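Down below is the structure, laid out as structure tokens.
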Amino acid sequence: MGSDISVELRQRFQNAQSVLVLTGAGVSAESGVPTFRGGGNSLVWKGMPFDVISSAQMVEQDLNAVWEWFDYRRALLSELRPNAGHHAIARWQEQFPEFMLVTQNIDGLHQSAGSKDVIEMHGSIWRARCISCHDRYQIPKSKPRPSSCQSCGDRLRPDVVLFGEMLPSGAFEQSAKAASRCDFCLVVGTSALVYPAAELPMIAKSAGAYLCEVNPELTPLSQFCDMVLTGRAGQVLPLL
Ligand code: BV8
Ligand code: ZN
């Protein structure tokens, strides 16, 4: 890998006017955050596959189980730090006339690395939302989460987009708009399986953007990319 980031790729990136970066769980892997599907096995919690425990249906069925799963993940995350990949992306923020970071991750590590105006398509594990009045509450690290809504007293749920749920209003539209305007789209650490996030690189491609993927494995997106950098985010992104 190393220095064989082609001159062409580096030139295209450095001369880009409008950059869209889309990240998935892989960008946090080197920080110690388990990915969902990497390495062929999918994350399981108490015998339930990840897309069962992280689903709208489970919030209806057993909200306590959903909180147990998210409390466990927040406890894991509170010890973890952004890696060189997150920091490289944060450094790019001011280097282009237009720059947008869209993440599928809910871990908040991009913000910890200094990225601003991050579009969190799937919400944030560090926020809770009231199931009836939708009031939102920050969940401080290593502190117990608020138990009920201060406005209406109803129960809270993670402010995260679960399978079968709509994305935060405007998140997809804003991301899709950036995708249709960008001239360089970098897709880092995603298996490109989850929609509608996985549509973004294709929107960029059809709008004429140069599409570059960074992933140790090939994905369904790889065939559409102008450049596939087979490697880890923490290794590759600082080289860009
Ligand atoms: C919706 C929050 C519509 C929860 C998440 C059939 C066909 C098509 C679509 C569907 C379908 N059946 C159902 C759907 C819709 C579903 C979907 O897309 N399912 C897929 C799985 C088939 N989508 C939804 O439900 C979405 N909502 O569509 O609503 C709707 C319309 C009308 C009315 C109502 C609803 C909501 C999707 C959001 C779900 N929430 N997360 C939580 O975290 O608990 S998704 C979850 O998967 C995470 O957000 C994660 O980010 C996301 C995608 O996974 P990745 O980020 O790609 O991570 P993954 O582990 O898969 O891959 C890691 C990659 O990193 C690998 O490629 C690996 O090689 C690479 N890697 C590893 N190490 C490194 C690395 N890369 C770089 N460096 C490294 N070191
Ligand atoms: Zn409320």
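Quick notes on this structure:
- Selection within the range 199-237: residues that are part of a helix (DSSP H, G or I) and farther than 24 Å from Phe36 by Cα. The member of this set that is most open to solvent (accessible area, probe 1.4 Å) is Ser206.
- Residues located in the range 202-219, provided they are in contact with a Leu (Cβ under 7 Å, 6 or more places away or on another chain) and within 12 Å of ligand 1 (Cβ to nearest atom): Glu213, Val214
- Pair list, Cβ < 6 Å and 6+ apart or interchain, from the range 185-201 residues that are within 11 Å of Glu217 (Cα to Cα) to residues that are part of a loop (DSSP other than H, G, I, E, B) and modelled with pLDDT of 95 or more: Gly189/Gly24; Thr190/Gly24; Ser191/Thr219
- Restricting attention to the range 90-109, the residues being touching a Leu at 6+ places or on another chain (Cβ under 6 Å) and either within 24 Å of Pro34 (Cα to Cα) or not assigned by TED's automatic domain parsing to the domain that holds Ala198 (or both) number 2.
- First in the range 111-126 and assigned to a helix (DSSP H, G or I), second anywhere and open to solvent by less than 20 Å² (accessible area, probe 1.4 Å) and not polar (S, T, N, Q), Cβ under 8 Å, 6 or more apart: Ser112/His86
- Check on Glu79, open to solvent by 60 Å² or more (accessible area, probe 1.4 Å) and either within 16 Å of ligand 2 (Cβ to nearest atom) or not in a helix (DSSP H, G or I) (or both): yes
- Residue within the range 224-236 that is assigned by TED's automatic domain parsing to the domain that holds Lys177, hydroxyl-bearing (Ser, Thr, Tyr) and closer than 29 Å to Arg81 by Cα present: yes
- Among the candidates Asn64, Asn105, Asn83, the residue that is of a type in the set (S, T, N, Q) and more than 12 Å from ligand 1 (Cβ to nearest atom) is uniquely Asn64.
- Search result, residues across the range 147-166 that are more than 12 Å from ligand 1 (Cβ to nearest atom), at pLDDT 95 or above and either open to solvent by 50 Å² or more (accessible area, probe 1.4 Å) or part of a loop (DSSP other than H, G, I, E, B) (or both): Cys149, Gln150, Ser151, Cys152, Gly153, Asp154, Arg155
- Test: residue in the range 53-72 that is more than 16 Å from ligand 2 (Cβ to nearest atom) and assigned to a strand (DSSP E or B): yes
- Entry remark, the range 16-35: residues being open to solvent by less than 10 Å² (accessible area, probe 1.4 Å) and in a helix (DSSP H, G or I) number 2 in total.
The values are calculated or read from the model by the stated rules, or taken from the named source; none is laboratory data. Since we're looking at a predicted model, the values are computed, not measured. Positions of Cβ are backbone-derived with ideal geometry, glycine not excepted, and every protein chain shown enters the neighbour counts. Heads up: the accessible areas ignore ligands, DNA and RNA and are worked out on the full protein's heavy atoms, side chains in. Shrake-Rupley method; radii C 1.70, N 1.55, O 1.52, S 1.80 Å.
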